[in-house]
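Undergrad: What follows is a structure written as structure tokens; I'll ask about it next.
Every read-out reported here was derived from the displayed coordinates using simple, explicitly stated rules and does not represent laboratory data. Quick caveat, the model's predicted, so the values are computed rather than measured. Counting neighbours? That spans all protein chains shown, and the Cβs are built from the backbone with ideal geometry, glycine included.
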Amino acid sequence: MATVEPNSQRYYHGTKADLTPGDLIRPGFDSNYGSRKKAAYVYLTATLEAAIWGAELAQGAGPGRIYVVEPTGPIADDPNLTDKKFPGNPTKSYRSRDPLRVIGEVAAWTGHTPEQLQAMKDHLARLEQLGVEAIED
């Protein structure tokens, strides 16, 4: 698994949590996927598209939100969206055991169509029925 050193790259985190600049996003909260066990990692992406999916699919009430974040420690490719499931890292998705610091919010973004969103939710439901869980190793 490749490790990426934090640099001037812009990173995003999609969620439904209401956060402000300076807040830390930490591991240990319920996962948004599968059996919703406590997540050992926090997830971030270098693409707005992947962050939009995160915001739209996040559990909880309220609107989806996309934050600009900076890692406070090392980040590595997210094996759920990279070489273990897809070639390379097309979504530029990463994870970290260290918190992410919120440095801003993307106020204007366009979500997926209701049909696209339902298709993704149906796909995730099928994975859950098959017992497919997030890779947490």
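Undergrad: Calculate the spin-label point distance for E70 paired with E105, positioning each point 7 Å from the Cα along the beta-carbon direction, and give it in nanometres.
TA: 2.0 nm
Undergrad: Starting from the 7 Å offset along Cα-to-Cβ, what nm value, one decimal, do you get for the label separation of L24 and Q118?
TA: It works out to 4.2 nm between the two label points.
Undergrad: Please compute P(r) over all alpha-carbon pairs of the range 41-126, binned at 5 Å starting from zero, and give each bin as a whole-number percent.
TA: 3, 13, 20, 26, 22, 12, 4, 0
Undergrad: Now a separate question. Using each residue's phi in the range 92-97, evaluate 6.51 cos²θ - 1.76 cosθ + 1.60 at θ = phi - 60° and report the 3J(HN,Hα) Karplus result to the nearest Hz, with x for Gly and Pro.
TA: 6, 9, 9, 9, 8, 8
Undergrad: Work out, step by step, the length gained on full extension between E128 and Q9: first 0.36 nm times the residue separation, then minus their alpha carbon distance; give nm to one decimal.
TA: Working it through step by step, the gained length comes to 39.5 nm.
Undergrad: Fewest to most neighbouring Cβ within 10 Å: what's the order for K16, K121?
TA: K121, K16
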